[in-house]
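Taken together, the values in this text are just the output of simple stated rules run on the coordinates, not laboratory data. Note that this is a predicted model, so its numbers are computed, not measured. Virtual Cβ from ideal backbone geometry, glycine too; neighbours counted across all protein chains shown.
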Amino acid sequence: MIVFANGPVIPNFGGGGSTFACERANRLFCPNWVSQNWSSVLWPALRQHIVLTVIAVVIGFAISTALALLAYRRGWVERPVVIVTSILYTIPSLALFELLVGVPGLGLSRTTAEVALVSYTLLIMFRNTLTGLREVPAEVRDAAAGMGMGSMRTLLRVDLPLALPAIIAGVRIATVTVISLATVAALIDDEGLGAPILQAISNEVFKTELIVAGGMAIALALLADGLLVLLQRALTPWARVHQ
Amino acid sequence: MAQTEGPSAYPQAPPSAGSQAATLELRDVTKVYPDQEQPALSHLNLKVDAGQVCVLVGPSGSGKTTAMRLINRMIPLSGGDILIGGRSVLKRDPVELRRETGYVIQQIGLFPHLNVNENIATVPRLLGWDRSRIAARVRELLELIGLQEIGKRYPAQLSGGQRQRVGVARALAGDPPLLLMDEPFGAIDPINRNRLQDEFMRLQHRLRKTVVFVTHDIDEGIKLGDRIAILRERGTLAQYDTPAEILTEPADEFVAQFVGTDRALKRLGLETLAGVKLVELNGIDVGDRRVPITTTVRDALSQVLAAGGAALAVVDGEETVGAVTLELFGGLLRDGTLNGTQSEERAAR
């Protein structure tokens, strides 16, 4: 009783009565809290998390695909791109988020979070796309040219379709990475599944938020990965025929 | 009324096979690769009549593939000119030129992500044919190569021989007047290679395309070629002649070595017993040894030798038309009894 008298330990619940027995007993996980706060806390956080992820992956995909196509045509582009994106990829996420907050015009905002998230996707998707393009068999490209396909048509009808499995593999890794990192981004942009997790971290006792939001992030990553696998199967029926 | 005026140098062909062939002429063709001092080809002159199979053969480094790839401008000429149907390839847009020239390579290069129908439809699509015409053409070609059942399959689901046939069908799809084939059967096992060669001869007998066929296998060249161009190192022409001429009268030591010391036997392999003046059967003991008249002279000789040099009866259907004896073979090449190839007959077999 003395513990309670010292102040509110449990966030996001008020009043008394038997409804909050679990919280008062400081149990590790309170299902009741989840159902009470689903629509006000968890569901919006999940939606924000998806938005954060989709924006980062789409922008990252556009940039890295453009760079990969450039490097495919002009080989010397590869080295500088790999160096820059590798550096971005290796900066610890916490440090990068804090660094970016100091950049004029960014500050504590969604833009700052997206800049950081996008920077983590570039290396993965650039490498995968470029490898996929370069692994198009030479004889297939030769046959395409020999039958009178121009270079643009060869790129669109032959190179890119054949690189698709590698491209989507890159998108899968990037997506899962972003879903995971976006929870950390809540430090500078108070939204997404990271928000309830941070809330729980700052609270000494009540951990239900952390468990549920963390679990949702994992589930979201698995779901996104599964959907991308299905997308790849639908787009590349030729890749799974029996040899 | 004329149809829409296409960029084609050739009249628009109806979707049927065997409508056209073009003459091909290489004039003083030279190719020097930028990073090499020696030319890959020097001053090559060749004329191929419409509807003929010209085999380019030679050791590696003789520039035979280079010569072929110059024709559809897959690589640029360093000197000389190439005329297809009397028209210089240098005056044509390379992409357009390639759409009107069939192209088959050893690794085939079927598109793994497209099924057989779509692979065959590649050039007709590039030429902008309408859907129904493309579909009809694809059906016709699958029938031509005897693979009507596999239109919906992907290349990974085909056997090596099937892939090769589809590669040829794809090259023929636009009904090109000229077909370039670079070791098309090189990666196939010997039994299937033989079958594919026979099939190619039947096909060619029917379609009468002008064909440039690159191989390093002189026997393949002898079998398939109307004329053979033998190239030596660094792309100079050693001899350009019919298979029979090359086997009977090799131009020099290089050609003689290249065609092999068994060239006399190979020469006999070009003819059937139908082209030989047979021995009268009177009084010759042939026992029950018989060979059909469609046997090649080479195989007949082999059978005579196997029988210990004894004579064989030659039969045409049920009727015995004469005999072959060991002595007969002795004079065949010396007397010039064998004259000219019988490729038509061979193709028809």
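Assorted remarks:
- Cα centroid of segment B:173-204 to Cα centroid of segment A:209-238, whole Å: 48 Å
- Sorting B:87-99, B:169-181 by their mean Cβ neighbour count within 10 Å, with the most densely packed peptide first, gives B:169-181, B:87-99.
- Compactness of segment B:61-140, taken as the C-alpha radius of gyration over 2.2 N^0.38 Å, stands at 1.30.
- Judged by the mean number of other Cβ atoms found within 10 Å, the most tightly packed of the peptides B:40-46, A:193-199 leads the ranking A:193-199, B:40-46.
- Protection proxy ranking of B:260-271, A:125-136 - average other beta-carbon atoms within 10 Å, highest first: A:125-136, B:260-271
- Helix B:160-172 vs. chain B, principal-axis angle (Cα, 0 to 90°, nearest 10): 60 degrees
- The 3J(HN,Hα) values that the Karplus relation (6.51, -1.76, 1.60; θ = phi - 60°) gives for segment B:209-214 are, in residue order, 7, 7, 10, 10, 10, 9 Hz. Gly and Pro appear as x.
- Cα principal axis extents for chain B, largest first, Å: 72, 51, 42
- All-pairs Cα distance distribution in chain A, expressed in whole percent, bin size 10 Å: 7, 25, 26, 19, 12, 7, 3, 1, 0
- For A:Met152, B:Met68, order by how many other beta-carbon atoms lie within 10 Å, fewest first: A:Met152, B:Met68
- In order along segment B:296-308, the phi-based Karplus estimate (6.51 cos²θ - 1.76 cosθ + 1.60, θ = phi - 60°) of 3J(HN,Hα) comes to 6, 4, 4, 5, 5, 4, 4, 6, 5, 4, 5, 8, x Hz; Gly and Pro are listed as x.
- Rounded to two decimals, the Cα radius of gyration of segment A:92-154 over 2.2 N^0.38 Å is 1.89.
- Shape call, segment B:130-246: gyration tensor on alpha carbons, a/c limit 1.5: prolate
- Cα gyration tensor category, rounded, prolate or oblate, for segment B:278-334 with a/c compared to 1.5: rounded
- Set the Cα radius of gyration of the protein assembly as shown against 2.2 N^0.38 Å, with N its number of residues, and you get 1.46.
- GluC sites (Glu not before Pro) restricted to DSSP loop in segment A:150-243 with at most 13 other C-beta within 10 Å: A:Glu204
- Calculated log₁₀ intensity ratio I(q)/I(0) where the Debye formula runs over C-alpha points of segment A:33-86, q = 0.23 Å⁻¹: -0.85
- Anisotropy class of segment B:150-217 from Cα gyration tensor, a/c 1.5 cut: oblate
- Taking amide H as placed 1.01 Å from N in the peptide plane, the amide H of A:Gly192 sits under 5 Å from that of A:Gln48, A:His49, each at least 5 places away or on another chain.
- For chain A, the longest principal axis of the C-alpha atoms and the axis of helix A:110-134 are separated by about 30°.
- Size of segment B:213-327 as Cα extents on the principal axes (Å, biggest first): 57, 25, 19
- Chain lengthening between B:Asp49 and B:Glu96 when straightened (0.36 nm per residue, less Cα-Cα): 14.7 nm
- Under 5 Å, built H, 5+ apart or other chain: amide partners of B:Leu231: B:Val57, B:Gly58, B:Ala238
- Per residue of A:152-158, other chain Cβ atoms within 10 Å of the residue Cβ number 2 on average.
- Once C-alpha pairs closer than 8 Å and six or more residues apart are averaged by separation and normalised to the residue number of chain B, the relative contact order reads 19 percent.
- Taking chain A and dividing mean pair separation by its residue count, relative contact order in percent (alpha carbons under 8 Å, at least six apart): 26 percent
- Separation of alpha-carbon centers, segment B:271-327 and segment B:73-106, rounded to whole Å: 49 Å
- HN-Hα J in Hz across segment A:139-156 - Karplus 6.51, -1.76, 1.60, θ = phi - 60°, x for Gly and Pro: 5, 5, 5, 5, 4, 4, 5, x, 8, x, 8, x, 5, 5, 5, 4, 4, 6
- Inter-chain shielding of B:112-123 (mean C-beta neighbours from other protein chains, 10 Å cut-off): 3
- Angle between chain A longest axis and helix A:43-73 axis [Cα atoms, degrees, rounded to 10]: 20 degrees
- Computed from the Kirkwood radius of its Cα pairs, the Stokes-Einstein diffusion coefficient for segment A:133-243 at 25 °C and 0.890 mPa s stands at 144 µm²/s.
- This ranking places A:Leu228, B:Leu110, B:Leu273 by how few other beta-carbon atoms lie within 10 Å of each, fewest first, which gives A:Leu228, B:Leu273, B:Leu110.
- Inter-part distance, segment A:110-130 to segment A:23-51, computed on C-alpha centroids, equals 30 Å.
- Cα-Cα over 22 Å, subset of B:Lys31/B:Lys223; B:Lys31/B:Lys266; B:Lys31/B:Lys64; B:Lys209/B:Lys266: B:Lys31/B:Lys223; B:Lys31/B:Lys266; B:Lys209/B:Lys266
- Shielding of B:97-109 by partner chains, average beta-carbon count, 10 Å: 4
- Sorting B:Cys54, A:Cys30 by the number of Cβ atoms found within 10 Å of their own Cβ, with the fewest placed first, yields B:Cys54, A:Cys30.
- 5 angstrom amide H check on B:Ala40, placed H, neighbours 5+ away: B:Lys31, B:Val32, B:Tyr33
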